[in-house]
1. State the number of residues belonging to the range A:29-53 that are open to solvent by 10 Å² or more (accessible area, probe 1.4 Å), closer than 15 Å to A:Ile206 by Cα and touching a Phe, Trp or Tyr at 6+ places or on another chain (Cβ under 7 Å).
2. With the requirement that a residue be open to solvent by 50 Å² or more (accessible area, probe 1.4 Å), away from chain A (no Cβ under 14 Å) and not acidic (Asp, Glu), what does the range B:265-300 give you?
3. Given A:Gly152, A:Gly176, A:Gly169, which one is away from chain B (no Cβ under 14 Å), in a helix (DSSP H, G or I) and within 23 Å of the chain's Cα centre (by Cα)?
4. Name, by its number, the condition in (1) closer than 23 Å to A:Leu43 by Cβ; (2) out of contact with any Gly (no Cβ under 7 Å at 6 or more places or on another chain); (3) away from chain B (no Cβ under 14 Å) that does not hold for A:Gly217.
5. Of all residues in the range B:499-511 being open to solvent by 10 Å² or more (accessible area, probe 1.4 Å) and in contact with a strand residue (DSSP E or B) (Cβ under 8 Å, 6 or more places away or on another chain), which is farthest from B:His214 (Cα to Cα)?
6. I need the helices (runs of 4 or more DSSP H) fully contained in the range A:54-147, keeping only those with at least 3 residues that are touching a residue at least 40 places away in the same chain (Cβ under 8 Å) and β-branched (Val, Ile, Thr).
7. Would you point out the residue of the range B:118-144, among those that are among the charged types (D, E, K, R) and in contact with a helix residue (DSSP H, G or I) (Cβ under 7 Å, 6 or more places away or on another chain), that is nearest to the other protein chains (Cβ to nearest Cβ)?
8. Which of the numbered conditions does B:Asp88 fail, given that it passes all the others? Conditions: (1) open to solvent by 40 Å² or more (accessible area, probe 1.4 Å); (2) within 29 Å of B:Ser210 (Cβ to Cβ); (3) within 14 Å of chain A (Cβ to nearest Cβ).
Amino acid sequence: MEDGIGIWGVPLAILAGAIRVSTPFIFVSLGEAITERSGRINLGLEGTLVFGAMTAYAVAVMSGSPYIGVLAAMATGAIFGLVHGFICKFPKVNDIAIGIAMMQFGLGLAFFLGKPFIQPVAPRLPSISLGGWSDLPQVQSALTINVLFIVGGLLALALWWAFRNTRIGLILRVVGDSSDAARAMGLNPDTVRLLATAAGGALAAIGGAYLSLYYPGSWNEGISSGQGLMAVALVIFARWNPIGCFLAALLFGGAGALGPALQSVGVTQGYYLFYAAPYVLTLAILIATSSPTRALVGAPGALSITK
Amino acid sequence: MIQVRDTPLPEAGKAVGIQTIGMTMRFGSFTALDNVSINVPAGTFHALLGENGAGKSTLVKCIMGFYHQTSGSLSVDGREVVVQSPKDAATYGLGMVYQHFTLVPSLTGAENLVINRAHVPAVINWAKERRELATFMEKMPFQIPLDRPVQELAAGEKQKLEIIKQLYLGRSFIVLDEPTSVLTPAEADEMLGLVRGMTERGELTVLMISHKFHEVTKFADAVTVLRRGKMAGSGLVSELSTKDMAAMMIGDVKLPELDTRLPVAADARPILMVNGIKAPDRTGLKSIDIGNLTVHAGEIVGIAGISGNGQKELAEVLAGQRPPEAGSISIKGTRYGATRQESRINNVRFIPEEPLSNACAPKMTVTENLAFRTFDVKPAGGNAVWLDMKRMRQRAASLISDFKVKTASHSSPIAALSGGNVQRAVLARELTGDVDLLIVSNPCFGLDFSAVAEIRARIMKARNAGTAVLLLSEDLDELLEMSDRIMVMSEGKLVYETPAISADISVIGAHMAGHH
């Protein structure tokens with residue numbers, strides 16, 4: 001180990017890892033929070049994420065701009081969401097089953113279309129260095145924060161504010177809580193859910209763009225390790241609260257960084273066990289916060305899992 | 001028909017009167033509403049009486065624009081108007097408070113009010129809205145906390161908020177659909193009294209759908225009675241007796257009468273004994289705490305209380321759906337854990353509220369649902385492995401005819417039956433065979449006269465045959481009619497007990513409202 005930092009490298013690495021690993025979780029879970037607040041579940045976000053990663057990478061390679069890549073990913077994510085929302089408006093269609101189908105479809109299509117882009121190198125998204133005040137290279141590298149993380153944090157705040165202070169936010173909550181009340185108000189729940197699913201898809205695709213354009217920063221078929229699926233669980237864990245989603249993603253990211261951090265300070269035994277930490281943590285927290293005799297607080301009433 | 005909008009739009013806070021002329025509504029060959037003309041002058045309180053299916057809601061839905069009448073017309077303040085949709089009705093100042101709340105549970109009162117407005121700004125300035133709401137609320141007869149999620153409000157508060165919502169939206173004629181079905185007598189009197197005050201001041205016109213004669217005689221100016229889609233009579237309340245109204249409502253049908261109440265034997269043995277039960281409620285924030293509750297054979301013990309005071313949790317504990325944290329339940333002296341085995345040995349039967357979702361498998365057939373207690377035992381005793389479909393069908397057929405369950409077919413899903421018939425089917429299943437203990441929760445909620453009379457007669461018959469009955473109900477009239485003893489449940493505790501024969505409604509009401 002280098003001098004001066006020693007065991008402090010572990011929390012620092014966890015912090016850096018939390019920021020780095022959590023970004024895709026933030027976007028996917030915020031997107032899913034929007035969709036679920038409208039009363040629908042989109043399990044297909046894993047497919048949207050991977051397809052977004054491929055689109056962002058391919059467009060960035062071709063245009064030379066990572067930002068255009070991110071925008072292109074958002075557009076395809078929105079299309080995936082629209083397809084999901086459109087199919088779900090038909091009677092007797094189950095949103096969870098459609099989500100699983102859309103996930104497989106997204107993965108397959110991304111691998112098929114993405115083959116030619118495994119080799120070329122795309123421009124990376126920039127990052128901002130906030131560690132200039134320190135002489136330690138570890139601190140500097142830990143505080144090099146990607147742009148999307150900051151955008152995600154601001155977005156979480158904005159959504160939290162919008163859910164209570166804007167017309168669109170209130171309409172979304174009305175539709176998610178009671179389809180009947182929404183209809184009585186003259187709103188069409190299907191349209192609201194269609195748009196909410198599209199917005200959720202667009203955000204999930206940003207998460208994918210982060211994977212291919214920043215960390216790990218390449219396109220291949222193993223780029224996602226289930227972030228799209230775990231994010232759906234994070235939304236429930238965060239009780240459908242955008243700020244909760246942000247914090248849950250950070251916690252999850254931090255737990256995910258535990259394994260590599262311990263490895264870096266020289267723990268050689270059993271660190272693979274720590275790679276499972278995020279999942280164990282999620283399970284433990286979900287069990288600890290749930291109860292068979294209490295209703296789930298904050299769950300949108302029209303959500304198919306709460307019926 | 002050309003739509004003419006020559007009626008001056010109503011001012012908020014100034015009552016409008018309405019009139020229907022020859023209103024007729026046909027659904028295919030079925031006439032739901034046949035030439036009904038009613039007149040509700042501005043600033044009056046009008047009651048609409050009738051049994052389920054008499055056409056009350058059809059009439060109201062025609063007025064509100066949910067249905068388009070086959071023929072007939074509607075006038076607002078003396079001018080004929082065409083109402084194509086609830087939105088049109090709203091422009092003329094007509095609004096409706098539904099029996100089932102249309103407030104969004106997770107939104108606060110203020111959010112519910114603002115989002116229902118015709119024009120909501122894209123970004124809501126809550127500081128300004130709150131100021132305006134506070135000014136608005138000063139003029140309102142009742143005060144409601146607007147900053148709490150609606151799901152935390154008591155039923156009475158929700159009902160008031162529904163009315164406030166209509167006034168906030170500028171309605172000056174409102175339809176109240178059985179507004180007091182979830183309120184305590186005191187709450188109901190207060191609410192209706194305040195609404196009546198508004199009609200007297202000329203701020204509001206009210207058309208109230210009701211089943212309760214005492215409310216009609218106390219608060220309404222005039223009444224219209226519907227029977228099978230036709231006008232059965234109308235008049236000023238001051239000139240009609242309750243008997244006249246009842247006769248108009250049900251015609252010459254003879255209602256089943258309750259068996260004469262046999263006295264409870266002095267040495268009747270205790271069947272159900274509950275001791276020190278504690279259990280958390282569904283929010284997990286409060287808990288119920290039942291000190292001591294005993295029900296004897298041949299006795300009906302009624303539990304009164306406003307909904308949400310732990311009755312549901314008590315019923316769930318007794319049914320084994322909610323594990324108690326402490327205390328014991330014993331039946332006939334042995335400990336009872338509500339397993340299928342134990343309920344079968346002790347002949348415990350259970351009729352929960354909303355039986356379709358709580359005591360039936362909605363998509364399974366009537367025959368299958370009727371066999372839930374018996375499908376897994378052989379007639380000779382012992383566990384059955386194979387289903388005896390023939391015996392199930394025979395049994396279902398006899399129960400259906402005994403209990404007069406109206407169903408298209410024995411093999412139609414039970415969810416296709418009307419509420420009263422589901423209730424009858426569940427009653428048939430639970431009351432057949434030996435029953436030592438019957439736990440019933442709100443058995444008559446939302447049912448019409450004849451179904452109610454029938455179900456009450458069945459329960460009374462079971463009581464006289466020696467069944468111990470625990471009756472949880474939000475309807476005080478039902479408890480007074482049925483029970484031998486009445487206990488009041490408030491905030492999770494049994495706070496008051498009285499023999500039904502000497503019960504004083506106002507004392508019970510005070511305990512229900514938490515004054516003890």
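The values are calculated or read from the model by the stated rules, or taken from the named source; none is laboratory data. Fair warning: this is a prediction, and the values are worked out from it, not measured in the lab. Cβ coordinates were reconstructed from backbone atoms using ideal geometry, including for glycine residues, and neighbour counts include every protein chain displayed. Each accessible area value is taken on the protein alone, full model and side chains, heavy atoms only, with ligands, DNA and RNA left out. Shrake-Rupley method; radii C 1.70, N 1.55, O 1.52, S 1.80 Å.
1. Counting residues in the range A:29-53 that are open to solvent by 10 Å² or more (accessible area, probe 1.4 Å), closer than 15 Å to A:Ile206 by Cα and touching a Phe, Trp or Tyr at 6+ places or on another chain (Cβ under 7 Å) gives 1.
2. B:Ala265, B:Ala266, B:Arg269, B:Pro270, B:Met273, B:Asn275, B:Asn292, B:His296
3. After ruling out the rest, the residue left standing is A:Gly152.
4. Here A:Gly217 meets the rest and fails (1).
5. Out of the qualifying residues, it is B:Pro499.
6. Values: elements: A:66-88, A:95-114, A:137-142.
The helices (runs of 4 or more DSSP H) meeting that bar are A:66-88, A:95-114.
7. The selected residue is B:Glu129.
8. For B:Asp88, the failing item is (1).
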